[in-house]
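Scroll down for the structure; my scribbles are underneath it.
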Amino acid sequence: MSPSHPRAHPRVGPLAARSTTPRSLDVDALIDDPATGIIVCCGSGGVGKTTTSAALALRAAERGRKVVVLTIDPARRLAQSMGIEALDNTPRPVSGVGGAAEHGGSLDAMMLDMKRTFDEVVESQATPEKAKQILENPFYIALSSSFAGTQEYMAMEKLGQLQRDAKQTGTYDLIVVDTPPSRSALDFLDAPERLSSFLDGRFVRLLLAPARGPARLMTAGLGLVTGALSKILGGQLIGDLQTFVAALDTVFGGFRARAQQTYALLQADGTAFLVVAAPESDALREAAYFVERLSEDRMPLAGLVVNRATPAPAGELSADEAMTAAGRLQRAGGGSVTAGLLRLHADRVRMCEREAVLRGRFAAAHPQVPTVVVPALAGDVHDLEGLRKVGNMLAAG
Amino acid sequence: MSTDWPRVRLHVVTGKGGTGKTTVAASLALALASHGKHVLLCEVEGRQGIARIFDVEPLPYEERRLATGLAAGGKSAGTVHALSIDPEAALLEYLAMYYKLGRAGRALDRFGVVEFATTIAPGVRDVLLTGKVFEAVQRNSRNKGARQYDAVVLDAPPTGRISQFLNVSDELAGLAKVGPIKHQADTMMTLFRSPRTAVHLVTLLEEMPVQETADGIEHLREAGLPVGGVVVNLVRPRDLKVKDLAAARKGALDRGAIEADLVTAGVDVDDALLDGLLSEARDHAERRALEDSQRKIVKALGIPAYELPRLAGGVDLGGLYELAQALRDQGLA
Ligand SMILES: Nc1ncnc2c1ncn2[C@@H]1O[C@H](COP(=O)(O)OP(=O)(O)O)[C@@H](O)[C@H]1O
Ligand SMILES: Nc1ncnc2c1ncn2[C@@H]1O[C@H](COP(=O)(O)OP(=O)(O)O)[C@@H](O)[C@H]1O
Ligand SMILES: [Mg+2]
Ligand SMILES: [Mg+2]
């Protein structure tokens with residue numbers, strides 16, 4: 001984890017309250033541009049990353065691109081409708097993609113299997129014997145299934161694989177990547193760093209230090225350390241640990257190099273990041289951190305998608321006027337339907353006003369970020385038809 | 001008003017990410033801290049969500065007074081303290097408290113073992129986090145002068161991880177089959193599996209979170225962990241009657257009558273406004289239909305459910321007390 005994102009405080013400052021109209025994001029120009037090879041959708045949990053990536057991928061395919069979308073955690077019904085509910089870690093063609101034949105477009109989709117991806121990397125880097133040893137070690141099992149950042153790291157690994165395959169075989173000309181459901185959007189960028197810094201950690205290096213040999217290892221300090229560890233955790237720990245660490249050493253040089261390659265790929269010209277956010281202060285704050293981070297790391301930001309916005313109410317009737325009128329009707333003892341409609345209208349106007357203020361603050365701090373607002377559909381998005389609607393709204397912004 | 005959970009000392013709040021765990025945990029803490037009760041609100045994922053929601057400085061690894069509880073029935077309110085549990089600090093505290101490992105503790109830290117153990121040793125991180133929660137619930141003489149609480153509320157990891165998180169003895173099984181940590185974990189499990197603990201699940205009336213709640217309940221039961229209530233968050237206003245909803249969906253509301261009502265109420269009516277109101281009604285009806293179908297599924301889970309409204313102005317301190325009151329009225333606290 002990199003050291004410096006002070007997430008606890010909202011951004012304030014002279015510009016915070018002034019509202020700015022941001023540039024609008026032209027999604028069709030982005031997906032139609034043959035130079036766009038990779039689109040990464042990131043954002044904090046639950047904002048609509050999976051939905052946005054699938055909707056973009058479908059739209060791009062129906063406009064003639066040869067697309068593969070790497071999803072992480074689609075809702076069950078969405079996965080079923082895309083035909084990817086089985087986790088087999090390879091892209092499958094999605095059926096029902098319209099107009100694909102005449103434009104030469106196509107859509108494949110897959111769902112990431114994190115552990116399997118990790119296992120495959122180990123298998124590709126080590127002899128079968130060594131791989132088996134690693135795969136069975138309890139530390140490896142913890143690392144590959146629950147280490148914070150493994151899913152992000154494996155998403156990157158899979159992206160790297162897809163990109164290499166696409167380059168070799170020409171099957172795809174656009175890869176759309178969904179990112180894992182971590183709370184923070186930054187986790188995706190921090191994952192490789194986190195894993196390497198763990199592997200470069202003092203303790204791991206100490207256990208690895210081959211030149212010193214076991215006798216030298218048992219210096220007073222380390223003796224104390226291992227003594228304390230076995231006292232607390234039980235003796236077999238140290239054994240498992242040393243096996244694991246030794247095995248890692250042979251495999252992880254290759255790992256680190258691959259992570260660096262993928263990171264470089266993310267900085268390349270054909271890549272575009274889309275930051276997805278809900279119109280809420282937490283999600284927009286995360287989006288702001290992410291936007292800043294992308295520019296620090298010289299990664300190409302295409303724009304911000306504010307998803308699931310409250311649809312704009314029609315007419316000029318303000319929330320207060322609507323509530324007053326609803327009150328009058330109720331006191332007069334009639335018009336309960338109309339009073340209900342007026343209260344709903346007031347609720348919607350208030351939500352919209354609040355969201356507009358939040359968006360305005362973001363735009364004031366980051367005026368250079370093109371933005372599109374996608375209204376919330378009344379129901380879930382769980383089939384291609386729903387994805388098309390979201391795609392239309394993305395393009396309409 | 002009486003609570004549905006009178007014996008519970010440890011309230012664990014889980015749910016799919018973004019459904020409102022932190023909001024619900026904070027409101028529940030306020031609701032429990034009425035009638036002079038003292039409550040500790042803990043978080044374990046280093047997100048500083050509690051500090052953010054109460055708009056205070058980031059919380060340290062130290063119990064800090066955060067707010068006054070919800071005033072109820074004219075009795076004096078209690079207090080809510082907060083603690084952000086950090087695994088590395090918890091490990092050093094644990095070593096000092098149980099092993100008097102002053103020197104070795106520092107050596108562990110110097111050799112990067114603390115970082116190592118809290119990051120990768122399977123289950124150790126969770127054991128440290130839950131261990132501190134356990135300590136706060138069952139304060140003993142080792143922690144001299146520490147404050148005693150009537151209840152502890154945990155803003156917990158999400159549903160997908162909660163059973164594993166609380167099931168500490170299983171988590172350690174692959175690693176420490178014997179030894180003091182194993183023993184410690186077993187003692188903790190006794191509390192977590194007892195009726196003094198309840199795991200509440202926050203959900204929205206949407207397909208994915210409801211499905212995750214159902215799966216979560218099943219996993220909790222398999223692990224022998226006590227399932228509490230379901231907190232349904234962000235419930236839309238219910239301003240239309242069922243028959244009107246049906247009409248609204250079909251676009252069959254009486255336009256003429258609505259227009260007449262609006263005129264009576266002194267509203268400047270035009271077609272745009274009427275069309276707008278009718279289309280808002282249709283969206284709302286569609287959303288309500290989705291909510292109602294999911295509400296049926298929630299009901300069929302067969303555990304107590306509590307509903308919290310979506311606050312149109314967002315959640316601020318006043319909003320938290322409003323939600324706390326709603327939880328109290330419905331008996332979660
Ligand atoms: N514009 C939208 N309108 C209505 N529902 C949406 C919209 N975008 C996303 N959703 C719904 O929100 C939920 C979460 O979306 P998802 O894409 O899975 O989020 P994430 O991948 O960021 O966690 C899903 O049930 C999805 O159907
Ligand atoms: N009842 C509510 N009314 C309005 N907004 C809410 C409500 N509950 C939660 N929110 C908002 O939803 C977002 C997610 O809530 P949070 O409690 O942080 O979720 P979690 O801890 O599960 O990630 C926050 O922006 C919060 O203010
Ligand atoms: Mg997702
Ligand atoms: Mg939270």
| message | Can you sort A:PHE198, A:PHE139 from fewest to most other Cβ atoms within 10 Å of each residue's own Cβ? | response | A:PHE198, A:PHE139
| What does the charge add up to near B:ALA151, with Lys and Arg as +1, Asp and Glu as -1, over the other residues with Cβ less than 12 Å from its Cβ? | +3
| request: Under a cut-off of 26 Å between alpha-carbon atoms, report the lysines in cross-link reach of A:LYS66, not counting same-chain residues fewer than 8 places apart. | output: A:LYS49, A:LYS158, A:LYS167, A:LYS389
| task | Give the angle, between 0 and 90 degrees and rounded to the nearest 10, that separates the Cα long axis of helix B:87-99 from the longest principal axis of the Cα atoms of chain B. | result | 40 degrees
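How do the peptides A:390-396, B:296-302 rank, highest first, by the average count of neighbouring beta carbon atoms within 10 Å per residue?
A:390-396, B:296-302
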| query | Cα to Cα, under 18 Å, and not fewer than 8 places away if on the same chain: which aspartates and glutamates meet these conditions relative to B:LYS243? | reply | B:ASP254, B:GLU280, B:ASP283, B:GLU286, B:GLU291, B:ASP292
| query | Among all the aspartates and glutamates, which ones have a C-alpha under 16 Å from A:LYS132's C-alpha, if same-chain residues fewer than 8 places away are not counted? | reply | A:ASP119, A:GLU120, A:GLU123, A:ASP240, A:ASP249
| query | Sorted by packing (mean other beta-carbon atoms within 10 Å per residue), highest first, where do B:200-206, A:125-131 land? | reply | B:200-206, A:125-131
| message | Apply the a/c threshold of 1.5 to the C-alpha gyration tensor of the protein assembly as shown and tell me whether it is rounded, prolate or oblate. | response | oblate
| note | Within 10 Å of the Cβ of an average residue in B:271-280, the count of other chain Cβ atoms is 5
| field | Within-12-Å neighbourhood charge of B:LEU332 [Cβ basis; K, R +1; D, E -1] | value | -2
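Hey, what D do you get for the stretch B:242-286 in µm²/s if you plug the Kirkwood alpha-carbon radius into Stokes-Einstein at 4 °C and 1.567 mPa s?
121 µm²/s
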| field | Selected from B:LYS241, B:LYS16, B:LYS37 as most flexible by GNM, with chain B as the system and alpha-carbon contacts under 10 Å | value | B:LYS241
| said: Along the charge dipole of the stretch A:18-118, pointing to its positive end and built from +1/-1 on Cβ of Lys, Arg, Asp and Glu, which listed residue (A:ALA79, A:LEU58, A:ALA29) has its Cα farthest out? | reply: A:ALA79
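Taking the Cβ of each residue in B:MET97, A:MET323, A:MET154 as the centre, tally the other Cβ atoms inside 10 Å and list the residues starting with the fewest.
So the ranking, lowest neighbour count to highest, is B:MET97, A:MET323, A:MET154.
Starting from the Cα gyration tensor of chain B, take the square roots of the eigenvalues, sort them a ≥ b ≥ c, and report rounded, prolate or oblate (rounded when a/c is under 1.5, otherwise prolate if a/b is larger than b/c, else oblate).
Judged from the Cα gyration tensor, chain B comes out prolate (a/c at least 1.5, a/b above b/c).
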| request: Give the shape of the stretch B:193-238 as rounded, prolate or oblate, defined through the alpha-carbon gyration tensor: a ≥ b ≥ c are the square roots of its eigenvalues, a/c under 1.5 means rounded, and otherwise the shape is prolate if a/b is larger than b/c and oblate if not. | output: oblate
| What is the packing order of peptides B:126-136, B:84-94, taking the mean over residues of other C-beta atoms within 10 Å and listing the highest first? | B:126-136, B:84-94
| query | What residue among B:ASP275, B:ASP150, B:ASP109 has the largest mean-square fluctuation in a Gaussian network model of chain B, using Cα springs under 10 Å? | reply | B:ASP275
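No value in this document is a laboratory result; all are computed from the given coordinates. All values derive from a computational prediction rather than experimental measurement. Ideal geometry is used to build each Cβ from the backbone, glycine not excepted, and the neighbour counts take in all protein chains shown.
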